[in-house]
Amino acid sequence: MKKGLITLIVVGVVLLSGFIWIKNAYNNMVVSDENVQAAWAQVENVYQRRADLIPNLVSTVKGYAAHESETLESVVSARAKATQVTVDPTDITPEAISQFNAAQGELSTALGRLLLIQENYPDLKANQNFLELQAQLEGTENRIATERMKFNEAAKAFNTGIRKFPDNIIASMFGFEKKAYFEAQAGTETAPKVEF
């Protein structure tokens, strides 16, 4: 009788310890997954800020450089494409990040061409509204870089957590999968040529 009770207590302690370990591991993965999703939401937020600045910038340039319609239209078109590409924060795959990056890259290229227009229009270069919008865009680009870095850090913490033994067993049981990272786009390893 005493031996059976001791065996029952030992089995109970082992089961309770196993349950607590699984619960804690699962909850840590959920928190880490939420951190990745929150970081992704912030990335989208700063990209949206950039997209929101573009119509004002296009309007300002249009007032000074109306015959640059091809450049203006390419910016508007790239903005439309970039805002249509979305990534499900619960399923961040390398393909989704790549598609998102490509759309944002097209917009960055179009914006670069738009900002170069100012060289041909001295009045535009001196326009206070244009200068303020340009400064806001520069600040937003810095925010984008910062938020992308924070996203990569959150994804790294999540990916590390689900790959560590024995937590990887729990991750596979509950379907936690590796998150993709932002990576440099092809061609960015070469510095652009800047002329003044």
- request: Being loosely packed, with under 14 Cβ neighbours inside 10 Å, more than 17 Å from ALA41 (Cβ to Cβ) and aliphatic (A, V, I, L, M) narrows it down to one of ALA110, ALA171, ALA103, ALA135, so name that one.
  value: ALA135
message: Among (1) assigned to a helix (DSSP H, G or I); (2) closer than 24 Å to ASN142 by Cβ; (3) in contact with a helix residue (DSSP H, G or I) (Cβ under 7 Å, 6 or more places away or on another chain), there is one condition GLY105 misses while meeting the rest; what is its number?
response: (3)
message: Show the residue pairs meeting these rules: Cβ distance below 9 Å; 6+ apart or different chains; first residue within segment 47-70 and at negative phi and free of Cβ contacts under 8 Å to residues at least 40 places away in the same chain; second residue among the β-branched types (Val, Ile, Thr) and assigned to a helix (DSSP H, G or I).
response: GLN48/THR83; PRO55/VAL76
Qualifying positions in segment 102-137 - acidic (Asp, Glu) and within 25 Å of GLN84 (Cβ to Cβ): GLU106
message: GLN84 - would you say it is surrounded by fewer than 10 Cβ atoms within 10 Å (Cβ to Cβ) and under 28 Å from GLY139 (Cα atoms)?
response: yes
- line: Restricting attention to segment 77-97, the residues that are assigned to a helix (DSSP H, G or I) and closer than 15 Å to TYR47 by Cα number exactly 8
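Read-outs throughout are calculated quantities, based only on the coordinates presented, and are distinct from any laboratory measurement. Keep in mind the model is a prediction, meaning the values are calculated, not measured. Cβ atoms come from the backbone with ideal geometry, glycine included; neighbour counts cover every protein chain shown.
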